[in-house]
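Here's the structure, in structure tokens; my notes come after.
The values are calculated or read from the model by the stated rules, or taken from the named source; none is laboratory data. This one's a predicted model, so the numbers in the text were calculated from it and none came from an experiment. Every residue, glycine among them, receives a Cβ derived from its backbone with ideal geometry; neighbour counts consider all protein chains shown. In case anyone asks, the SASA skips ligands and DNA or RNA and just uses the protein heavy atoms, side chains included. Shrake-Rupley method; radii C 1.70, N 1.55, O 1.52, S 1.80 Å.
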Amino acid sequence: MTAISYFIIKHKKLLIAIFVVAALLCAVLQMFVKVNYNMVDYLPSDAQSTTALNIMSDEFTQSIPNTQVMVNDVTVAEALDYKEKLAEIEGVTEVIWLDDTVDIKVPLEMGDPEVIEQFYKDNHALFSLTIADGMEKQTIADIQALIGPDNAVAGEAPELAEVQHSTGSEVINSALVLVPAIILILILSTTSWIEPILFLIVIGISILLNMGTNVIFGKISFMTNSVSPILQLAVSLDYAVFLLHSFSANRKKYKTAEKAMFYAIKGSMSTVAASAATTLFGFIALVFMNFRIGADLGINLAKGIVLSFVSVIVFLPALTLSVYKWIDKTQHRPLLPNFKNIHKVVMKAAFPVAIIVMLLIVPAFLGQKNAPFTYGFSDTVTTSRSGQDSMKIQDEFGHSIAMVLLIPEGDVAKEKALCEDLEALTHVTGVVSYASTVGSSIPSGYLDKEITQRFYSGNFARIILYTNTEAEGDVAFETVEEIQGIAKAYYGDDAWSVGQSANLYDMKNIIAVDNQRVTIIAVLAIFVVLLVTFKSAILPILLLLTIESGIWLNLSLPYFTGTSISFIGYLVLSTVQLGATVDYAILLTHHYMQNRKTALPNPAIRQSLGETFQSMLVSAASLSTAGFTLFFTSSNPIISDLGLLLGRGTLISLSMVICFLPALLIIFDKVVGKLTLKADFLQASHANRNEKKQDALPIDALINEEN
């Protein structure tokens with residue numbers, strides 16, 4: 001560190017130039033990073049629906065119907081004209097309507113009303129479209145332009161288009177809310193008007209470096225694109241605060257700013273590194289998710305933490321030494337109280353809070369495991385065009401979700417029997433296949449190739465089903481299980497299913513396993529960091545119990561309030577809250593262990609709270625503000641839920657650290673002393689002897705000692 005500190009101070013102008021140029025380059029490079037909005041792409045390669053998608057893309061030109069278009073007040077002839085125009089729009093690969101299931105030359109009154117009313121009801125025509133992957137935004141806009149505002153477009157593709165349209169503006173809106181809030185927090189917590197600007201410049205450049213270097217991946221998920229910059233800003237701001245506080249303290253000891261910065265870098269390195277390590281391991285745990293969106297976000301956030309750490313240790317000292325005279329000129333008095341007596345409030349609540357937490361910890365643990373979850377975009381706000389159109393279609397035709405079955409081609413009679421069994425299911429409203437549409441009596445070789453290609457590839461037969469369930473939920477997933485069960489009864493493991501409900505069903509099963517794995521990895525990794533940090537067999541358990549209890553309380557609230565949350569937000573939060581807020585527990589415990597060498601438990605914890613509360617408050621204020629900003633500015637339910645959980649969870653973690661942890665440290669004080677290497681706790685007998693010695697001193701000596 002001596003050599004590094006010396007190099008930074010000596011070559012500060014060169015380092016500033018390198019970071020500025022790199023940031024400008026990364027600002028350009030991030031324009032070439034594509035954003036992927038399709039969560040299905042992040043399912044593991046061995047997932048059932050992923051295999052089905054690969055088969056369909058290899059065998060068929062058509063994909064899964066992912067859009068519904070409703071046109072009002074049209075005749076059958078006018079509906080057919082709309083069908084032709086919809087098929088001509090770029091990005092539309094297939095349009096299915098009534099004429100694909102019944103012979104419309106025959107009067108409709110003679111047909112099956114249940115089949116007909118899936119596509120044509122009370123002069124409303126409902127088309128089922130397939131829109132090519134990646135074309136959603138432009139194609140949906142063209143469809144809306146064709147049918148006008150009085151008609152409706154809904155489904156998976158419009159939801160994706162809505163997300164694509166809103167994400168870019170919402171990232172900017174988040175920044176416009178968060179940055180002023182962070183500046184206000186920093187102004188309140190620093191003593192110079194310039195320091196907040198330095199913080200934002202340094203962390204801002206590290207964010208640009210992180211986003212620009214994503215070009216090596218080619219593309220990132222929409223979640224990473226939306227969440228990563230804001231989390232990186234909120235989580236890594238502490239590192240800059242630690243270093244500049246150390247610099248300010250050392251300036252009182254040394255005459256030159258260079259020497260003060262030299263010792264500031266050396267002195268704050270271990271603190272910043274320890275803080276970054278716990279957050280880093282929390283993010284790295286996401287990499288072990290089978291659902292690869294976790295790895296996408298985890299790698300990006302871990303990379304961001306490393307770049308923030310380097311920026312703070314290298315770029316911030318160089319920049320500060322170049323403008324420290326401005327820092328001196330813009331000093332102001334502290335705007336926050338010193339909080340030295342915060343223990344008078346906190347310690348009164350410590351033991352009652354500890355009792356309440358111990359009573360709630362088991363219900364909270366069980367509640368968070370049984371919280372109601374969502375897995376996709378089905379909760380997209382109804383104020384959007386897509387949400388309103390979906391309600392219009394449901395009012396006329398009810399729910400309709402498309403699903404595709406892929407089975408071996410060859411036995412048409414067997415295929416027809418399968419279709420009949422599928423049609424008999426309670427929530428299956430329609431089946432479109434060769435056997436059900438053309439009939440098993442007409443050999444496929446006698447038909448036009450365009451007709452047979454929709455259903456047969458030479459190796460596989462394609463069956464399209466429609467269900468009247470929501471895209472996800474207990475009923476939807478039970479229906480998927482029934483469909484898959486019947487298909488497997490006929491074809492065994494050679495039957496494959498894909499579609500919005502089938503994809504979300506796979507996602508549910510994969511993420512349920514991911515949750516346990518990621519949590520265990522994160523806890524074990526941070527346990528090791530705490531073990532090395534404190535060299536104690538008991539302190540890592542107490543600190544993890546404190547933060548994990550806060551996480552369980554946070555994640556159990558949806559269960560007890562009966563509100564559903566996004567499982568992706570839930571899973572990411574469980575590691576982010578652990579990695580980001582365990583720093584508060586580390587900071588308080590570190591001060592307690594130091595103070596405990598010269599004071600008994602109660603005085604030691606009171607002093608420690610006074611020394612650390614402001615730092616914890618500033619950090620928690622930044623992180624919770626970032627979370628609530630995501631919640632209020634994002635229309636995407638996944639990002640919004642993550643923001644709410646993060647904002648609320650940070651405040652719960654702070655409360656747990658300042659109320660619950662002090663009680664644990666006092667209760668387990670003797671155990672901590674025995675199971676911690678070189679604890680050197682002050683013993684009560686020694687403290688009593690010291691007090692007696694002081695009492696024996698003359699009054700003048702006692703006064704002088706106090707002074």
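Region 382-428 and region 303-364 have Cα centres separated by 54 Å.
For residue 94, the residues 5 or more places off, or on other chains, whose built amide H falls under 5 Å of its own are 130. Applying both filters, DSSP loop and at most 14 other Cβ atoms within 10 Å, to the trypsin sites (Lys or Arg not before Pro) of region 249-286 gives 252, 253, 255. Net charge of the neighbourhood of residue 319, taken over other residues with C-beta under 12 Å away and scored Lys/Arg +1, Asp/Glu -1, is +1.
Per-residue accessible area (protein heavy atoms, 1.4 Å probe) orders 675, 43 as 675, 43, starting from the largest. Per residue, the average separation of C-alpha pairs within less than 8 Å and at least 6 apart gives region 244-311 a relative contact order of 23 percent. For the pair region 458-485 and region 510-577, the centres of their Cα atoms are 34 angstrom apart. Beyond 19 Å, what percent of the Cα pairs of region 196-262 remain? So the pairs more than 19 Å apart make up 48 percent of the total in region 196-262.
Distance between the modelled labels on residue 176 and residue 57, one decimal in nanometres: 3.7 nm (7 Å Cα→Cβ projection). Helical content alone sets the calculated 222 nm signal of the chain at -22000 deg cm²/dmol, taking -39,500 (n - 2.57) per DSSP H segment of four or more residues and averaging over every residue.
One entry in (1) 39.1; (2) 29.2; (3) 36.3 is mean projected area of the Cα convex hull in nm² calculated from the shown coordinates; its label is (3). Angle of helix 343-369 to the longest C-alpha principal axis of the chain, folded into 0 to 90 degrees and rounded to 10: 30°.
Heavy-atom accessible area for residue 127, with the other protein chains in place and a 1.4 Å probe, reaches approximately 0 Å². If you wrap the tightest convex hull around every Cα atom of region 84-197 and split its volume per residue, you get 157 Å³. Looking at the chain, the DSSP beta bridges with both ends there are about 85 percent antiparallel. Listed peptides 75-83, 314-322, 139-147 appear in the order 314-322, 139-147, 75-83 once ranked by packing, highest mean of other Cβ atoms within 10 Å at the front. Solvent exposure of residue 606, expressed as accessible area, is near 90 Å², computed with a probe of 1.4 Å over the protein chains only. Once C-alpha pairs closer than 8 Å and six or more residues apart are averaged by separation and normalised to the residue number of region 249-390, the relative contact order reads 15 percent. Protein heavy-atom surface of region 184-339, 1.4 angstrom probe: 68% of the accessible area is carbon and sulfur, with nucleic acids and ligands not counted. Under a 5 Å amide H cut-off, with hydrogens placed 1.01 Å from N, residue 221 pairs with 36 among residues at least 5 apart or on other chains. Calculated over region 135-184, the projected area of the Cα convex hull averaged across directions stands at 4.4 nm².
Compared with the dominant Cα axis of the chain, that is its longest principal axis, helix 601-633 is turned about 30°. Give me the angle, in degrees from 0 to 90, between the Cα long axis of helix 539-561 and the longest principal axis of the Cα atoms of the chain, rounded to the nearest 10. Here the helix axis deviates by roughly 40 degrees.
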